[in-house]
Structures are given as C-alpha cells and as structure tokens.
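Visitor: Please find one structure pasted underneath; my questions will follow.
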Amino acid sequence: MQASTYGALKGSVGFGVQNQKRVSGFGELRNRISTVSGNLCVTDTSTCCAGLSLSSAAMGAKLAGLRTGFDGISMSKLKSRSVQARASDGDLENLVPSKPQGKSSGTVLPFVGVACLGAILFGYHLGVVNGALEYLSKDLGIAENAVLQGWVVSALLAGATVGSFTGGALADKFGRTRTFQLDVIPLAIGAFLCATSQSVQTMIVGRLLAGIGIGITSAIVPLYISEISPTEIRGALGSVNQLFICIGILGALVAGLPLAANPLWWRTMFGVAIVPSVLLALGMAASPESPRWLFQQGKISEAEKAIKTLYGKERVSEVMHDLTSATQGSVEPEAGWFDLFSSRYWKVVSVGAALFLFQQLAGINAVVYYSTSVFRSAGITSDVAASALVGAANVFGTAVASSLMDRQGRKSLLLTSFGGMAASMLLLSLSFTWKVLAPYSGPLAVAGTVLYVLSFSLGAGPVPALLLPEIFASRIRAKAVSLSLGMHWISNFVIGLYFLSFVTKFGISSVYLGFAGVCLLAVLYIAGNVVETKGRSLEEIERALSVAT
C-alpha cells in the first residue's frame, strides 16, 4: 500500500476505480452494471450495508463517465445511480441497499462467545497474581525476595510478548480455530504448573507458558471475531472482547476472596484456569473457521459452508461475491514479516502500533497499580473495595462502549476517550499539588481515578483491538495484528518495570502530568491518522485502502 493511499479512506474521490483493471470479459462487466443499476442509491445517512459490493459502485461511477450503451443499458441512467465519493471527516462513500436486509438464518453469537473464553483467560491470568502473590510467596519461600516476586509477576508479560508475535504466523498457517486449539496447550500446562509448583522456578515457568498462551489469545480473539462478525454489528461484537477481559480480571478478584481464611487457596486460583482452557478447545472444535481465511486458502466450498453457518444460506452468494471482488485479479502470496515494513503497508501498520503504544503510555496500568494508594489517601482502606471500584468502572464503561461502537464510530470514541483521560490525569495531578485543593485531595483523587478508567474503557481500551483487524488488508491482517499486540506487551512490560522508579524520582503528580500530555498527543495523532470504519465490510475497507498493482 502506498503511503498516500491511507488518506483515501478519509475522503478520496473515485476510490475503487482501480478495480476496473481487474475485470475480465464483457460478461462480467454486464453483471456489474446490472448490480449497480438495480441495487445502489444515493443517501445522506452515515450507514453502509453489510456485504454491499464497493467494487460494483466504483465500477458504476467509472462506466457512467463513458456515456456508452451496453446491452440496452443507458449510461446516463447509470450515472444518476452511481455513487460519488465525498471528503467528509474520514468517511468513505455512504451506501445503502435499495432493499433492507432480511433477517439472517445464521448465528454468530455462540461462536463469538466461545472465542471470548480466550478473553476471559487473558484477564484472569493478568489479575490472578495480584491477590495470590503474598500467599504464594510465603508458601514458596520468597516472601523476603522482591526480585523473585517481580519475576513471578513479569514472567507472564514476557511470555505474552513472545506469544503475541507468534499468534499471527500460527493463525495464517493453521487457521484461526486450529490456532485457538493449539493455544490451549500452553494455557492449560501453564496453569497446572502454577497450581502444583513446589519451587519458584516451576512457578516462573508456569507463568511464562501461561503468558505465551494469553499473548496468542490477545492476537487471535479480536482477529477471529472481526472476521466472522456481520458488518452491521461488528463493532459491538468486537468490543465484547475487551468486556470479557475485564470480566476475567474481576473473576480473578472474586476467586481471591477465600484467601484470608485458607492461605493455600492460591493453588486453586491458578488451577481454576484449566477449566475455561479445555472449554475453549472443545468449543473451537465445533466452531466454523473464518470464511476469509478459508477463501484465501482456496477452500471455496468450506468457506461457503462457514458463511451459511454464520450468516444463513440466503447470504452465501452475497458474501462470496464480496470476497471475490476484494481479491479479484490478485495472485499475491501471503505476506511475510518484512512486508509489513514496506512502503506499501508501513503507513497503516504504523497506525496499529501507535494506537497500542498510546494506549499503554497513557498510563492505564500505572493508574491501576497506584489506585490502592490513592484510595487509601481518601480513607478507603480495603484493597478489595478499591480494586472492585476500578474493575466495576472498567466493566461499565466497556459495556457502554459496546452499545455505541456501531452508532458513534470507532474514531469518535477514541477521541472522546483520550480527551477524557487527559482531563482526569490533569485532575489527579492537581489533587496532589494544589494546596487550595488539599482538603478535597482524597475525594478528587478517587474521582479522577474512576473518571480515567471510565474514559479508558469507552475507547482506548476496546477500540484498538477492534479497529486493527478492520484496517489491515487480508494479506497482512494476522501478522500486522500480532506486531501491534507485540508493542502492547513490550510497552506494558516497560511501564510495569520503571513506573515506581519514575514516581520516586519525579513524584506521582509529575508522572500523571506526563500521562496527560501523552493523552493529548494521542488525540492529535488520532484526528490526523485514524480512519472511521463503522458500517463497512472488511472487503470495502481493504479496497479503499489499496491501489491497483
């Protein structure tokens, strides 16, 4: 992809015209003209029907300009029906079908639910060590060794970094559902080793394996959900991934409640994670493979079968036509890792990496790490109560985001989210430094923390994992998502490692002020580089972000 073509999605004129070069034979031209003539209309709404062939609209617009007749079809009539591109704040052409979609006889929700078991495991493994660390440290004889305790915590993040980079390659080679099943191996073995460990070395190995598992999960859950979801609800279903991560973290919190009465309960906490791992493997055995991956592999009949299961038999021809249009004339092999850094793809890949970098550098993990101390300053002495308040705010905000994703759009939620995070970080910083606010510093700090978590969960949390599979071309999608998730885990690890050192050196107020600055930079970057994708099929987005080769 040329760098300039990334801006095409933000308001280019006549995008998709390149597809004319891919048409072979007048018969196909005739079919495309008929499609345009019968199914398109101009609209001022901001919605776009799932599965509508963008290449047909572009072809109609191009042919209309020729003013030539073909099989009795008037080009002047076609021109009146053709859809013109408009430059409007990053939106593509607004298209709607002349007839509304009928109710689908397929079902996608059970399979999204199965994939979300991976998201639950993601959140659970992240959160389980927080309550269990004190008790497992005593049991394993490392209560006085802060370094080894740090390794128990950070081994998961190191493993997740490795897993996130391998998840894309596995998904491309073996398919999405088979990769889920392979991922269960490190997830289950890691949980088992943690639960039965008699030494800190075994615990660290178990955490490393579990980390590899959740790293793979972090890449393939949003990828799979994005590729199997209908366009009209893809945003809501995609954001469910983040919601279930939050639920997994809350589940880990709840699992730690019996620890006070039973110090050995920490082993059960780790062992419980085996159950959803096994359920994930069994569920994926019965789940359809991504139709897009099957189509790329040339497994046309299997792709049609998957589409029938997911969307219903009445939409098989429509979705297959869209897949065919997206790849027509392309004989390119699957992309390699170095292709991601080529001039063709780097612009859009850099956007994915930058979103996850901003997500972490904006301070979400630092706020969560420090929330207990903040709440204690406000008189809330219970760690469980403090964590529950933060967790509840996260779940609530993510649930609201799910309902808004397909109405407000991804970009607007990102801008609102980072703007709210900047304001709340500024409030937190001032509550620690302004003497005039000293009598209210505790309540203001709590309000700032909750507002920050709410703002994060509205956009910065769920949108990047949803948006990236949408803007990446199918040829690079799995590997590009993995690369972006790798940035997430690396920055997560670095912040966890150095946050307290920065607080000691500069003070918490200055660190929070720095986070506010990062959030403002994110707003400027998103406004200039991120595109809106709501209501558009993955194939439409790919065609708009591509140029003919």
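The values are calculated or read from the model by the stated rules, or taken from the named source; none is laboratory data. What you are looking at is a predicted structure, and each value in this text was computed from that prediction instead of being measured. Counting neighbours? That spans all protein chains shown, and the Cβs are built from the backbone with ideal geometry, glycine included. SASA here: full protein model, heavy atoms, side chains in, ligands and nucleic acids out. Shrake-Rupley method; radii C 1.70, N 1.55, O 1.52, S 1.80 Å.
Visitor: Considering only region 173-188, state which residues are open to solvent by less than 20 Å² (accessible area, probe 1.4 Å) and modelled with pLDDT under 95.
Guide: G175, R176, listed by residue number.
Visitor: If only one of Y498, Y525 is in the same structural domain as G420 (by the TED database), under 19 Å from the mean Cα position of the chain (by Cα) and open to solvent by 10 Å² or more (accessible area, probe 1.4 Å), which one is it?
Guide: The unique qualifying residue is Y525.
Visitor: A further question follows. How many residues does region 348-358 hold that are in contact with a Leu (Cβ under 9 Å, 6 or more places away or on another chain) and farther than 14 Å from N492 by Cα?
Guide: Adding up the residues that qualify gives 4.
Visitor: Going through S137, S80 one at a time, which residue ends up being at pLDDT below 50 and in a helix (DSSP H, G or I)?
Guide: On the way: S137 fails: at pLDDT below 50.
When all the criteria are applied, what remains is S80.
Visitor: Here is a further query. Evaluate region 245-265: report whether one residue or more is modelled with pLDDT under 90, among the aliphatic types (A, V, I, L, M), under 27 Å from G175 (Cα atoms) and crowded, with 22+ Cβ neighbours inside 10 Å.
Guide: So far as region 245-265 goes, yes, one or more of its residues are modelled with pLDDT under 90, among the aliphatic types (A, V, I, L, M), under 27 Å from G175 (Cα atoms) and crowded, with 22+ Cβ neighbours inside 10 Å.
Visitor: Being charged (D, E, K, R), in contact with a helix residue (DSSP H, G or I) (Cβ under 9 Å, 6 or more places away or on another chain) and modelled with pLDDT under 80 narrows it down to one of E532, E542, so name that one.
Guide: Residue meeting the stated conditions: E542.
Visitor: May I ask you to verify whether L193 is buried (at least 18 other Cβ atoms within 10 Å of the Cβ), closer than 20 Å to A286 by Cα and either among the acidic types (D, E) or in contact with a Ser or Thr (Cβ under 8 Å, 6 or more places away or on another chain) (or both)?
Guide: No: the conditions fail for L193.
Visitor: For residues that are farther than 30 Å from M425 by Cβ and aliphatic (A, V, I, L, M), tally how many sit in region 334-368.
Guide: Number of matching residues: 2.
Visitor: Inspect all residues belonging to region 157-172 and state whether any of them is open to solvent by less than 50 Å² (accessible area, probe 1.4 Å), in contact (Cβ under 8 Å) with a residue 12 or more places away in the chain, polar (S, T, N, Q) and not in a helix (DSSP H, G or I).
Guide: Checking region 157-172: not a single residue is open to solvent by less than 50 Å² (accessible area, probe 1.4 Å), in contact (Cβ under 8 Å) with a residue 12 or more places away in the chain, polar (S, T, N, Q) and not in a helix (DSSP H, G or I).
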